[in-house]
Each structure stands twice: as C-alpha cells, then as structure tokens.
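First comes the structure, then the notes that go with it.
A short reminder: the numbers here are calculations on the coordinates, not readings from a lab. From a predicted model like this one, the values you see are computed outputs, not experimental measurements. All Cβ positions, even for glycine, are placed from backbone atoms using ideal geometry, and neighbour counts span all protein chains on display.
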Amino acid sequence: MPVVESDLHSIGELARASGLTVSALRFYDSAGVLEPALVDPVTGYRWYTDAQIAPARLVAGLRRVGMPVPEIAAAVRAEPATVHRLLDTHLRRLADGLADARREVARLRALVDPAPAATTTLLLSPAELAAAVDAVRFAVGADPELPALSGVLFDVEPDGVRLVATDRHRLALARAGATVDGPPVRVLVGVDLVDRLRALLDPTDPGSVRLTVIGADLRVAVAGRTLTGAALPYDFPDYRRLLREALGESPAAYRIPVDVAALRAALTDPAAPTVAREYDGRSLAITVLGLDDRAGVRLLPTAGPTGDRMMSPDPVGGLRVGVNGAYLLDTLDAAGGSQLVLELDGPIAPLAVRRPDDTDTFSVLMPIRL
C-alpha cells in the first residue's frame, strides 16, 4: 500500500511520541536502525508512519539500558523470542560490568589503604610459558604515549597464568598452566623483561620455572639462573571487557578453517591485491578478505590496479573485510601450526584467529573500514 502523506509523522512528532531526540533519530537513520518511510528529495525532511512509532519506542528503551547499536538494529527487526534472547544477553553483560566495577573499586580501596604486599609463587613448564609468550609478544604496544600497553599482562589465576598483550589494533591471549601458591594477582611485565625471560626458556627443558610476585617485584628462577625486575606501574586495560565488546556473546557468523601456508603465500605475494586508505594520517595498503566458492577465505581482487579505491563487486556471501595484512601475518606466525580458524562477523566487526585445538590461545584484529 502506498504511503499517504497525511498519515506521516515528522521527525519532531516521532521524537515526542517515542522519547528519542531528533538527533538520535537522525543517528539511527544513518546507522540503518530506523530509517524513515519517506525522505523529501528537496528539503531532506524525514517522515515516518504510525507503524514506526512502536519500533522507535523499542529503540528508545534499548538505548536507555545501554544496548549496543548492532544489537538494537537486530532487535528492531527480530521476532519477540529473539528480542528476549538479546535482552538476556545484555543483562548478563551488565552483570559482568557490575562485577568489573566492584573489582575496580576494591583495587581503588587498596590504593587508598594498601595492605602489606602478598607473595604469589608459580611453578610453570618452560615449554608452556615459552609458547604463551610467543603467542602474545607480537601484540605489545610500542606507542610512547600509551605506556600501559608496553608490556605483557600476567593475570595469575588459581591454576595458571593468562598472558595478554594489545596495541589497540590487535589483542592476543594465551595461557600456561601452573601450580600456584598465594592469592591471584595481576602484574604488567615490561617488554624488555619479557624478552629477557623468553631468552632463558628452553622448551625442551623438563624442569620448571619458578615465578615469584611480591607486590610489584618479580623474581624468576629457571635453569639455575635468576632474573629480577619490577612490574610496570600502569593500569592495563580490562581485557575481559575488551573481548566482550569485540567478540560479543554470540558465535561468529563465519568460522573458516585456514591453511596457514596458503594464506601466508597469498599475503606475501608481491602481486597481492590491496586497497589504499588513509589511516592515522598516512596511506595504508589494506588487504580485503572475503569468501571463495567453497566457503574458504581468499584475498578479494580490486576492480582496477593495486591501490584503486574500487573493489570487486558482489563477493561471495556479501562478506568484505579490510585488515592490515602485515598484522594478519604477525598473527599467523604467532599462532603457529599449519591450520587455524578465522572467525568473521562482518566488515566492521573484529576478526578472531584461533587454534582449532586450544580455546585459551587466540588473537583479535580490529578491521579497517573500507
């Protein structure tokens, strides 16, 4: 049925009916969440139908509880059962955020009234610790203006230690099992100390590494040698929240087995297609990933010479994701193995690179908008 002009509501009327501001309605239009039924080609005025009032009220409510925009977009178009699942997921996220806030408040209380430094000692396999360091070292930040990213976080748990590194563009995690004596502790180890530690680790050594943390002081004993140092005095980002925000709560839309040798060969081929983009004030050659006819990953060709802004139309599944090819190579090298799994969700969602047999070791790459 055609839209009758007398049945339409202006953007101001919809704002009053829904509880959204006019600027919010414009934003949700540009984000593809709630598009007007009609846009005047001369004035650019937006017009909405009666049927869009309820979705607009839903958007307003979801916005008030802080639901992310992609999930709001999904909820507006979903059946009630799906909306309920999205709400349940968001409630869990809010509960996790409250738990994070409580941990942060406890940390702040300790800063105000510090308790005597506790001692935590770990006994680790040299091979496991070496593998964990190798899996995250590439993602350590080198920006002097972001000193909190210039090391590897050692997040000690009751039965092991999780190593985490990020430079904002990529995030890497790995884990080593350990016998732990003492309370859980988080220490940010500077990259120089991490490299010195890695140089002492022999993966063939059947012995153990003794890592002792006393406040900010670190002591490592391995193979008859002792290494000492101090943790960096910076707060490392909450990587658990970063992971939730990056990967969300739902499985990725695409989980693609990757032959590492083939993908590496494609990325390092001098004729590999790229697209030029301005990024951080400089020109960057972007690798564009897509699906092949067998649901595997491939480098999408450009429609013109390398660096052309035009890209091949209609990739398989409509999937086209831009990445820094050098960063992807680093990730493949750090992950090791001949087979990996690449998780993709869309052109602006982070990519995850996982080992098929290890849920604790993986990397996340931020995509580059095409």
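Structure values in brief
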read-out	value
Order of L58, L289 under a 10 Å beta carbon neighbour criterion, fewest first	L58, L289
DSSP H segments from the chain that extend 18 Å or more along their own axis, Cα-based, with Kyte-Doolittle mean of -1.0 or above	80-112
Sorted by Cβ neighbour density within 10 Å, fewest at the top, the residues R93, R102	R102, R93
Local electrostatic count, A131, Cβ distance below 14 Å [Lys/Arg +1, Asp/Glu -1]	-3
Neighbourhood charge, 12 Å Cβ-Cβ cut-off, centred on V22 and excluding it, Lys, Arg +1 and Asp, Glu -1	+1
From the coordinates shown, mean projected area of the Cα convex hull in nm² corresponds to which of (1) 17.2; (2) 24.1; (3) 18.6	(2)
Of V164, V213, V65, the one that fluctuates the most in a GNM where the chain has Cα springs shorter than 10 Å	V65
Amide H contacts of A230 (H built 1.01 Å from N, under 5 Å, at least 5 apart or other chain)	L218
Mean Cβ neighbour count within 10 Å, used as a protection proxy, ranking 251-260, 69-78, 105-114, 357-366 highest first	357-366, 69-78, 251-260, 105-114
Debye, to nearest 20: dipole size of the stretch 136-176, +1 on Lys, Arg Cβ, -1 on Asp, Glu Cβ	160 debye
